Amino acid sequence: MRDRRQKETGNAPVRTAGLFAGISRNVFILGVTSFFTDVSSEIIYPLVPLFLTSVLGAPFLVVGLIEGIAESAASILKVFSGWLSDRMRRRRPLTIIGYGISALSKPLLATATVWPVVLLLRFGDRLGKGMRAAPRDALIADSCEPECRGRVFGFHRAADTAGAALGALLALAALGLLGEKYRTIFLLSAIPAALGVASLLLVRERVRPHPRQAPPRLSLSQFDHKFKIFLLASAVFALGNSSDAFLILRAKNLGLSAFAAVFAYVIYNLVYSFFSMPAGSLSDRIGRRRLIGAGFVIFALVYLGFALASSTAMVWPLFAVYGLYMALTEGVGKAFAADMAPAHARGTGLGTYQTATGLLTFFSSLIAGLLWDAVGPFAPFLFGAAAALAAAAILLAAFRKTAPPATS
C-alpha cells in the first residue's frame, strides 16, 4: 500500500543506494527544473550589474536598490505562497506559475534602455521566485523521509548550483564570442528557462488529506521557540548578506576584467554545487545547527578578506571559500526550517523563514550600496562580516542541544 502511495505522489525513490539514495521522483525532477532555471538565471545575473553600470550608466547605489527591491519582493510573497499551498493542500500549481513568470521576465531585459525598466523586470523575475520557492521546498520536504532531509535538500541545491555554474560558463562563452552584447545574451537565456518550466509537467502530486490540526495561520505562534531563535539568527545574518552583485563589482574594482570576474563567480558556483550534497548528508548525521554556525563564520572570514583585499590574486580563493559557506548553509538551512515546522504548516514555516531573511536583503543591499559610495568598496564587506559573527553567536549560544529531525 505504501509503495503504491509513493508512486502516486511521486515519492518512489529513483535509486535505493548510491549517489541518489533517498532521492524521490519529485525531488529528482525538481532538481532538473532548478538546474535549467539557474542556467537561464546565471547567464544573465552576473552581467546585470555590468549592464547597469557600463551600458545604462546607473550608479552603484541603483545596483543595490534594484537587487534589494527585487529580492525583497520575492521574499514578501514567499510566506503567502507557502501558506496558500498549505491551505490548498497542493504545491504544484503555484510552483509552475512561479517558474513561468520568471521564464517570461528574463529575456525581456534585452529591451531595457533605462534602469527603471531593469528594476521592473527584475521585480517580475523575483516575483515568480517568491511564488514558487516555499511551495517547491515544501513539496521537496513532503517527498522525502525525515532522516535524509538534509541530503535531499543538498541534492536540490547541488542541481540548482550546477545549473548556475553552467549558466555562468555560458555567459563567459557568450562574452568571448559576442563581446559585451548583453542584450543578445539576455535573449538566449529564454531557452533553458523554457526547458525548466516544461520539466515541471512530470511532477506528480496528490491533494493532501485535511489535517487534524487547525488550519495554518500567518502567525509565529504556531512555531516553537527553537524555530524563532533560528529565525532571529538568520535575520541578523541576512542584514549583512548583500547581493552577490557586490562581490562581482568588488572583483572588478580590484582589477579583474568582466570576463575574469564572471569566471571567479563560476568557481564559487562549482564549489557550492560540489559540497552541497555532502554537507546536507553530514547535517543528517551531526545536526544542522553546527554546520550553519560554521557557515556563518566562514562567510565572515570571506567578507573580511574582500574588505582587506589589495590584489586580484586574493579574489580567486575568496570566491572558492564563499562557495563552501553556501554549501553549509543554504540547503541545510531549509532542511532545518522544515524539521522544526509542523507538517500541516510546512509551507508556511519555510515561507516565513525565507520571507524573514529575504526581506532584509533589501536593506542589506541598500546599505551596501550606500557604504560603497559614501565610504569605499571595503565598507560593505566589513559590515557583512560583523553581522555574520553576531548571527553565529546567537545560533551557537541559544541552542544548547538541537532536537532530532521531525518525524512527521
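For this structure, a couple of remarks:
- Selection among SER85, TYR45, THR33 by position relative to the dipole of region 24-103 gives SER85 as farthest towards the positive end (Cβ unit charges, Cα centre).
- Over the chain, Cα pairs under 8 Å with separation of 6+ residues give a relative contact order of 28 percent.
- Computed from Cα atoms alone, the Kirkwood hydrodynamic radius reported for region 36-156 is 15.4 Å.
- Once backbone amide H atoms are built at 1.01 Å from N, ARG204 has no partners under 5 Å, excluding neighbours fewer than 5 places away on the same chain.
- Kirkwood estimate for region 330-374, i.e. one over the average of 1/r between Cα atoms, Å: 11.9 Å
- In a simple Cβ point-charge model (Lys, Arg +1; Asp, Glu -1; nothing else charged), region 141-197 has a dipole of about 240 debye relative to its Cα centre.
- 3J(HN,Hα) along region 321-329: 5, 4, x, 5, 4, 5, 4, 7, 10 Hz, from the Karplus curve 6.51 cos²θ - 1.76 cosθ + 1.60 with θ = phi - 60°, whole Hz, x for Gly and Pro.
- Summing Cβ point charges (Lys, Arg +1; Asp, Glu -1) relative to the Cα centre of region 116-159 gives a dipole of roughly 240 debye.
- For region 251-388, Kirkwood radius (reciprocal of mean inverse C-alpha pair distance, Å): 16.2 Å
- Between LEU220 and ALA198, full extension at 0.36 nm per residue minus the direct alpha carbon distance yields a gain of 4.4 nm.
- Cα-based Lys proximity count in the chain, under 17 Å, for pairs eight or more positions apart or on separate chains: 9
- The calculated P(r) of region 52-119, using every Cα pair and 10 Å bins from 0, goes 17, 39, 27, 15, 3 in percent.
- Per-residue ellipticity at 222 nm, computed for the chain from helices alone with -39500 (n - 2.57) per DSSP H run of at least four residues, works out to -25000 deg cm²/dmol.
- Alpha-carbon gyration tensor eigenvalues x 5, square-rooted, for region 254-302, Å: 28, 14, 4
- Per-selection Rg to Rh, region 226-275 - Cα, Kirkwood hydrodynamic radius: 1.16
- Ranking HIS156, VAL236, TRP316 by Cα position along the charge dipole of the chain, where only Lys, Arg, Asp and Glu carry charges on their C-beta atoms, puts HIS156 farthest toward the positive end.
- Charge sum, other residues only, whose C-beta stays under 12 Å from ALA162's C-beta, Lys/Arg counted +1 and Asp/Glu -1: -2
- Entry for volume of the Cα convex hull per residue in Å³ (calculated from the structure that is shown) out of (1) 157; (2) 146; (3) 120: (3)
- Theoretical FRET efficiency, 1/(1+(r/R0)^6), r = Cβ-Cβ of ARG183 and PHE259, R0 25 Å, to 0.05: 0.90
- Charge dipole (debye, nearest 20) of the chain; +1 at Cβ of Lys and Arg, -1 at Cβ of Asp and Glu: 1460 debye
- Globularity ratio of region 172-310, using Cα Rg and 2.2 N^0.38 Å: 1.46
- Between amide H atoms placed 1.01 Å from N, distances below 5 Å from ARG90 occur with no residue 5 or more places distant or on a separate chain.
Read the figures in this text as sums done on the coordinates, not as results from a lab. Here the structure is a predicted model, which is why all the values come from computation and not from measurement. Every residue, glycine as well, gets a Cβ built from its backbone with ideal geometry; the counts of neighbours run over all protein chains shown.
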